[in-house]
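No lab work stands behind these numbers, since they all come straight from the coordinates. Predicted model, so just to flag it, every value in this text is computed and none were measured. Cβ placement follows ideal geometry from the backbone for every residue including glycine, while neighbour counts extend to all protein chains displayed.
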């Protein structure tokens, strides 16, 4: 696994993915544990449903022929809520820079 190899040599790894199940979240945690690396879960949400829908419907993925999910597919995804500790970033009513600053503050606190 590329992530594990990078962690093993001391590199940071960011696994940016939709992680809707505790099973897959645990798997990423186990990769980090197996090489004695720090692990931080981050969940990014948009709690404003109208804004979330607008973002989904106007998203430009920037990859030719890649079809992003429809709003209906987003609503019907198999998502299991979190019970694990995580940093939660709610992007509703925020600019990207604001969300990033909030995340960085939380990461600094988490890793201190």
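Each of (i) 13.7, 45; (ii) 15.8, 43; (iii) 13.7, 42 is a candidate for Rg and Dmax of the Cα atoms in Å; the one calculated from this structure is (ii). What is the angle, in °, between the Cα long axis of helix 96-111 and the longest principal axis of the Cα atoms in the chain? Nearest 10 is fine, range 0 to 90. Orientation of helix 96-111: about 20 degrees from the principal axis. Using a Gaussian network model of the chain in which every pair of alpha carbons under 10 angstrom is joined by a spring, one finds that among 17, 99, 34 the greatest mean-square fluctuation is at 17. Put in order of Cβ neighbour count within 10 Å, fewest first, the listed residues 58, 24 become 58, 24.
Note on residue 36 and residue 58: the model spin-label points, each 7 Å out from Cα along the C-beta direction, lie 5.0 nm apart. Straightening the chain between residue 66 and residue 109 buys 11.8 nm, computed as 0.36 nm per residue apart minus the Cα-Cα spacing.
Per-residue ellipticity at 222 nm from helix content only, as computed over the chain with -39500 (n - 2.57) for each DSSP H run of at least four residues, stands at -13500 deg cm²/dmol. Computed from Cα positions, the angle between helix 49-58 and the longest principal axis of the chain comes to roughly 90 degrees. Within the range 20-65, the percentage of alpha carbon pairs spaced more than 16 angstrom apart rounds to 61%.
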